[in-house]
């Protein structure tokens, strides 16, 4: 499929014997093993893709290149000195050696230099047992450090959030946390302070911190630890249970780390799994205190003689079944309705509606989400045939243009905002924000339009008119997939740029600039929120 969704002819097998995408694969040899990889990949990516381990410390697949640890050095045939595998692109016919004597010696020296400033407090460190530095030191058999350790005397300073504690003496200056804060949420809280031996990382822009914990997640040592739970446990004492975050409908995957009698002590994520790819918002990562709260309901409550009393699940379910059966027999199934939580997963919502329809026999089903976005859902269903998003969340990462209308994804849905940020990094996507409010996304916008509240219909119709008059119409799509287009075009007649300015305050030049950006983009994503649902015109 091309970018417009149009089919392309498929060549005959004789002229194109390789599976799609393999025609441009490059071949190289790593440790005597011939492997294939894509041209845009680095030596490290090609090696890991083919099951060959190259040790790293600062590298993280979700972040931009850091190149600070020098642990991933490899030898390339024809190169005088070892190169950093994380930053060296592959070349067809390249010969790579990852475990030569010279490379192993250089890795050991790099690790020893890191240990000069790193305390050997593994027995009391929260990261003990899952520390990347600890694992690499053990792997390379470093039993003692030939460089005398020297403790850095860095005065303590508050971190960006009270939910995370910073241990300056454990930091190995890999800069993962700095890059994570910039690359993923775009908060830009952390930076390197001073230079040389006194250099360290501080939260220099504390007001920007949103407590997402991205820095905590990527730290390879114990330099950042969470402060929420008073109870701690070693890695091997914890039981990790993968589940879905309940705080919204995004469906983020996380791991509950429980100790002893299933008491949850912290939340982690497993690699880049789930729609969230390992990231969480402040609620998902740190909002666990309610799990163990003494006031949390642990048993069902049934009202007896006007008072709610604890009961067993069997008694509670029997009570519900009895009452529903009585109501159904006396008044009929259509007198019963069900309201689902907006935080329920798709699977839970499906089971709920199926139970209401098949068991109760009623179609009276609603969701709390209808109060906030019901009008938009019904409108999209009527116009597009889809009562919701027209694409999976991940597709926004491929966009060339992000048109954000009446929404602040940074505050409303951080995980989706992270995916939008990735589109900027990957594709240099243009960003247009249309909102009378000053949101977080305004600082990343190439164009920020501030219409008068309630005037969105005017400027949207004005934009539609400019695009149609400018020839941005796919006639084949209009003829095959739509109806009533001529009536729609006629309804736009009064929405001139001057009329739009009178109603919304958006100048003709700004509206025309938006039209040009929209027309030039190959892959466009429109993100709208509740701000666009109130209109006066």
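Picking from residues in the stretch 232-266 that are at pLDDT below 90, closer than 21 Å to residue 163 by Cβ and within 20 Å of the chain's Cα centre (by Cα), the one that is surrounded by the most Cβ atoms within 10 Å (Cβ to Cβ) is 250. Within the stretch 168-175, is even one residue under 25 Å from residue 277 (Cβ atoms), modelled with pLDDT of 95 or more and either in contact with a strand residue (DSSP E or B) (Cβ under 8 Å, 6 or more places away or on another chain) or in a loop (DSSP other than H, G, I, E, B) (or both)? Checked against the condition, which is being under 25 Å from residue 277 (Cβ atoms), modelled with pLDDT of 95 or more and either in contact with a strand residue (DSSP E or B) (Cβ under 8 Å, 6 or more places away or on another chain) or in a loop (DSSP other than H, G, I, E, B) (or both), the stretch 168-175 yields at least one hit. The residue that is nearest to residue 248 (Cα to Cα), among those in the stretch 328-362 that are touching a helix residue (DSSP H, G or I) at 6+ places or on another chain (Cβ under 6 Å) and either assigned by TED's automatic domain parsing to the domain that holds residue 250 or not in a loop (DSSP other than H, G, I, E, B) (or both), is 340. The residue pairs whose first member lies in the stretch 139-165 and is under 12 Å from residue 111 (Cβ atoms), whose second member is in a loop (DSSP other than H, G, I, E, B) and modelled with pLDDT of 80 or more, and whose beta carbons are closer than 9 Å, counting only pairs six or more residues apart or on different chains, are 139/55; 140/55; 145/120.
Candidates in the stretch 104-119 are the residues that are surrounded by fewer than 18 Cβ atoms within 10 Å (Cβ to Cβ) and either touching a strand residue (DSSP E or B) at 6+ places or on another chain (Cβ under 7 Å) or free of Cβ contacts under 8 Å to residues at least 12 places away in the same chain (or both); of these, the one that is farthest from residue 54 (Cα to Cα) is 109. The lone criterion from (1) in contact with a helix residue (DSSP H, G or I) (Cβ under 7 Å, 6 or more places away or on another chain); (2) under 23 Å from residue 208 (Cα atoms) left unmet by residue 387 is number (2). The strands (runs of 3 or more DSSP E) located wholly in the stretch 200-311 that include 1 or more residues which are outside the structural domain of residue 345 (by TED's automatic domain parsing) and either in contact (Cβ under 8 Å) with a residue 60 or more places away in the chain or within 30 Å of residue 120 (Cα to Cα) (or both) occupy 200-203, 224-226, 238-244, 253-259, 263-268. When residue 533 is tested against (1) modelled with pLDDT of 95 or more; (2) surrounded by 15 or more Cβ atoms within 10 Å (Cβ to Cβ); (3) under 23 Å from residue 376 (Cβ atoms), only condition (1) is not met. Looking at the stretch 455-501, the helices (runs of 4 or more DSSP H) lying wholly inside it that each contain 3 or more residues that are loosely packed, with under 13 Cβ neighbours inside 10 Å, modelled with pLDDT under 95 and out of contact with any strand residue (DSSP E or B) (no Cβ under 8 Å at 6 or more places or on another chain) sit at 475-481.
The values are calculated or read from the model by the stated rules, or taken from the named source; none is laboratory data. In this text, all values refer to a predicted model and were calculated from it rather than measured experimentally. Cβ sites come from the backbone with ideal geometry, for glycine too, and all protein chains shown count toward neighbours.
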